[in-house]
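What follows is a set of notes on a single structure, which appears directly below.
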Amino acid sequence: MSSVCVHGLGYIGLPTAAMLAAHGHDVYGYDADPVVTRELRDGDVGLDEPGLEAFVVRAMESGRLEIVDDVAAAAYHVICVPTPFDEETRQPDLDYVAAAARAVGSVLRAGDTAVLESTVPPGTTARHVRPIVEGESGLVAGRDFGLAHCPETVLPGDVIAELRENDRIVGGIDERSATAAVELYETFAEGEIRTTAGPTTAEFVKLIQNTARDVEVALANEIARIAHDYGIDSREAIEMANAHPRVDILQPGPGVGGHCLPIDPWFLGVGSDALDLVPTARAVNNGMIGFVVELLEELLADLDGKRVAVFGVAYKGNVDDTRMSPGLELVRELQHGQKPSTPATDGGTPETPGVAIHDPHVADPTLRLQDVDDAVTGADAVVITADHDEFTELDPDRLRGLMAEPNVVDTKGILDLDRWRTAGFDVRRV
Ligand SMILES: NC(=O)c1ccc[n+]([C@@H]2O[C@H](COP(=O)([O-])OP(=O)(O)OC[C@H]3O[C@@H](n4cnc5c(N)ncnc54)[C@H](O)[C@@H]3O)[C@@H](O)[C@H]2O)c1
Ligand SMILES: CC(=O)N[C@@H]1[C@@H](OP(=O)(O)OP(=O)(O)OC[C@H]2O[C@@H](n3ccc(=O)[nH]c3=O)[C@H](O)[C@@H]2O)O[C@H](CO)[C@@H](O)[C@@H]1O
């Protein structure tokens, strides 16, 4: 087993560090944010991910995962820092990656290997990370140390199992780098580990995986809009279509959220002008909130003076992450032009009389969340925007008693339509 320094202890770095520790490595977990390291030492993981807290605490208690305040020298460096995207410039912010590369270079020894896991534009490991690490360390990649990209593909909500079971792609800047990285991942990964021609291919593969999913959801969303024009239930049609052995259409919804699918396709455009379908798919997915508003207008005629309860501001079911969330986008759209009843002094979402927000998985105080009863009381419609398990348990008879008008828009297709209709609801679904 080896020593490993993990850079960045967030959604990806933390479970990776704990997984490496669980498989016998001596792991140093470093995060640039002292609040993160302090809370971790107190056993507070701060992420709503099933089983993660216990997994991390076990790793720390075993003595194999040490949370450190400074980057430590180690045989392997695994970089899991953020790569945010600037909507205006359409460029990713690679400053965190650059900072981590400098930190790696400052402690790197001959024979060590650095692996970048962050999602990056093709070419980043070879053209951006390599010169920084070499410049800082005075060592030469390939000759003196290993350098590789190994993208992460875990699905939020099932991170620990996916970390163990998913196949991995490793792209080294040379064969020795790839071999060294594979040797690390095969100590815990049960899936197949494939090596690519180089790190740029590995970076590209990660991006086209998420782009494929984004484009496929866009097709499902477009089908939903077309089906609506024909008065057809898109979900029934998709189920029938998918009975064909070579058709596998995804599910429509209120749009695509999270901080991967709405962003990663744009990374492909950093070094290429050939994107055509990709921006169109992005526009289709972003346009779904407008379609949800149209469905609401079908039910309520005019939204002016009406109260809508938005159920689900997490970006998808059973997670607490609200980044790029369609539910939040709907809230903003509905609040647009409304006078706040409680202004947001904390920079969060203002409370407006016409929009109530409920989400049992989200605890963000700036969102002014309400419980089910408060949210629906006096409401003219409920809109389901995340497929949380709790929402399938909602009792339409009880809700109807509290609401001003019994209307519901189910953007995730999770409600039992017959039951809600029998309870007197006028139902629309995406
Ligand atoms: N979350 C996912 O589902 C997912 C899946 C696959 C890939 N990714 C990619 O993995 C990368 C990390 O994502 P995440 O979700 O873990 O982000 P995150 O924001 O949850 O965590 C990143 C952590 O890195 C720390 N950090 C920032 N700069 C640092 C530095 N120079 N040195 C050490 N620590 C530093 C931050 O304080 C933060 O705690 C991103 O590129 C992301 O696109 C994420
Ligand atoms: C290729 C792939 O699988 N990548 C995964 C993805 O993780 P994710 O959590 O972002 O992915 P999804 O679960 O697909 O959700 C995204 C949004 O799409 C909506 N959606 C989904 C399916 C559907 O049929 N109809 C929809 O409308 C859903 O509601 C939500 O808003 O990126 C991570 C980071 O790179 C990867 O690590 C992870 O492997």
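From the list Ala98, Ala110, Ala103, Ala126, pick out the single residue that is surrounded by fewer than 20 Cβ atoms within 10 Å (Cβ to Cβ) and either within 13 Å of ligand 1 (Cβ to nearest atom) or not assigned by TED's automatic domain parsing to the domain that holds Tyr28 (or both).
Details: Ala110 fails: either within 13 Å of ligand 1 (Cβ to nearest atom) or not assigned by TED's automatic domain parsing to the domain that holds Tyr28 (or both); Ala103 fails: surrounded by fewer than 20 Cβ atoms within 10 Å (Cβ to Cβ); Ala126 fails: either within 13 Å of ligand 1 (Cβ to nearest atom) or not assigned by TED's automatic domain parsing to the domain that holds Tyr28 (or both).
Of Ala98, Ala110, Ala103, Ala126, the one residue that is surrounded by fewer than 20 Cβ atoms within 10 Å (Cβ to Cβ) and either within 13 Å of ligand 1 (Cβ to nearest atom) or not assigned by TED's automatic domain parsing to the domain that holds Tyr28 (or both) is Ala98.
Within region 139-155, take every residue that is out of contact with any Gly (no Cβ under 6 Å at 6 or more places or on another chain) and within 16 Å of ligand 2 (Cβ to nearest atom) and give me the one that is farthest from Tyr11 (Cα to Cα).
In the first step, residues of region 139-155 are kept if they are out of contact with any Gly (no Cβ under 6 Å at 6 or more places or on another chain); the result is 139-147, 150-155.
Now restrict to residues that are within 16 Å of ligand 2 (Cβ to nearest atom): 150-155.
Working: Cys150: 16, Pro151: 14, Glu152: 11, Thr153: 12, Val154: 10, Leu155: 10 Å.
So the residue we want is Cys150.
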Taking helices (runs of 4 or more DSSP H) that do not extend beyond region 211-316, which have at least 2 residues that are away from ligand 2 (no atom under 16 Å from the Cβ)? 277-286, 288-300
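Would you tally the residues in region 196-210 being buried (at least 18 other Cβ atoms within 10 Å of the Cβ) and either assigned to a loop (DSSP other than H, G, I, E, B) or over 25 Å from the mean Cα position of the chain (by Cα) (or both)? Full working, then the answer.
Residues of region 196-210 buried (at least 18 other Cβ atoms within 10 Å of the Cβ): 196, 198-200, 202-204, 206-207, 210.
Now drop any that are not either assigned to a loop (DSSP other than H, G, I, E, B) or over 25 Å from the mean Cα position of the chain (by Cα) (or both), which leaves 196, 198.
The number of residues fulfilling the criteria is 2.
Go through region 40-53 residue by residue and tally those that are under 23 Å from Ala314 (Cα atoms), more than 16 Å from ligand 2 (Cβ to nearest atom) and of a type outside the set (Val, Ile, Thr).
The first filter runs over region 40-53 and keeps only residues under 23 Å from Ala314 (Cα atoms), leaving 44-53.
Cutting the leftovers down to more than 16 Å from ligand 2 (Cβ to nearest atom) gives us 44-46, 51, 53.
Restricting the remaining residues to those that are of a type outside the set (Val, Ile, Thr) gives 44, 46, 51, 53.
Residues meeting the conditions: 4.
Taking the stated definitions as given, is Arg58 among the basic types (Lys, Arg) and farther than 27 Å from Ala181 by Cα?
Values: among the basic types (Lys, Arg): yes; farther than 27 Å from Ala181 by Cα: no.
Here the answer is no, as Arg58 does not meet what is asked.
Considering only residues that are farther than 15 Å from Val154 by Cβ and buried (at least 18 other Cβ atoms within 10 Å of the Cβ), which ones fall in region 10-55? Lay out the reasoning, then the answer.
First, pick out the residues of region 10-55 that are farther than 15 Å from Val154 by Cβ: 21-46, 53-54.
Within region 10-55, Ala21, Ala22, His25, Asp26, Val27, Tyr28, Gly29, Tyr30, Asp31, Val36, Leu40, Val45 meet the criteria.
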Apart from one, (1) touching a residue at least 12 places away in the same chain (Cβ under 8 Å); (2) within 16 Å of ligand 1 (Cβ to nearest atom); (3) more than 30 Å from Asp374 (Cβ to Cβ) all hold for Arg282; the odd one out is (2)
Filter result for the condition that a residue is surrounded by 12 or more Cβ atoms within 10 Å (Cβ to Cβ) and modelled with pLDDT under 95, over Arg368, Arg400, Arg419: Arg368
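Yes or no: Ala178 part of a helix (DSSP H, G or I) and either more than 28 Å from Trp266 (Cβ to Cβ) or assigned by TED's automatic domain parsing to the domain that holds Pro121 (or both)?
Values: part of a helix (DSSP H, G or I): yes; either more than 28 Å from Trp266 (Cβ to Cβ) or assigned by TED's automatic domain parsing to the domain that holds Pro121 (or both): yes.
So Ala178 passes the test.
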Condition check for Leu415: assigned by TED's automatic domain parsing to the domain that holds His358, outside any helix (DSSP H, G or I) and either without any contact (Cβ under 8 Å) to a residue 40 or more places away in the chain or of a type in the set (Phe, Trp, Tyr) (or both): yes
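Residues to consider are Thr385, Thr392, Thr322; find the one that is touching a Pro at 6+ places or on another chain (Cβ under 6 Å) and either buried (at least 22 other Cβ atoms within 10 Å of the Cβ) or modelled with pLDDT of 95 or more (or both). First the steps, then the outcome.
Numbers: Thr392 fails: touching a Pro at 6+ places or on another chain (Cβ under 6 Å); Thr322 fails: touching a Pro at 6+ places or on another chain (Cβ under 6 Å).
Answer to the selection: Thr385.
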Residue in region 63-84 that is over 25 Å from the mean Cα position of the chain (by Cα) and at pLDDT below 95 present: no
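Out of Glu136, Glu117, I need the residue that is within 16 Å of ligand 2 (Cβ to nearest atom) and under 19 Å from Ala72 (Cβ atoms). Which one? So that I can check it myself, show each step before the final result.
Values: Glu136 fails: within 16 Å of ligand 2 (Cβ to nearest atom).
Among Glu136, Glu117, only Glu117 is within 16 Å of ligand 2 (Cβ to nearest atom) and under 19 Å from Ala72 (Cβ atoms).
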Among the numbered conditions (1) within 14 Å of ligand 2 (Cβ to nearest atom); (2) of a type in the set (D, E, K, R); (3) assigned to a strand (DSSP E or B), tell me where Glu66 comes up short. (1)
With criteria (1) surrounded by 14 or more Cβ atoms within 10 Å (Cβ to Cβ); (2) within 30 Å of Gly317 (Cα to Cα); (3) among the basic types (Lys, Arg), Arg64 comes up short on (2)
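The values are calculated or read from the model by the stated rules, or taken from the named source; none is laboratory data. Everything numeric here is computed off the predicted structure, so don't read it as measured data. Glycine also receives a Cβ, built like all others from the backbone with ideal geometry; neighbour counts cover every protein chain displayed.
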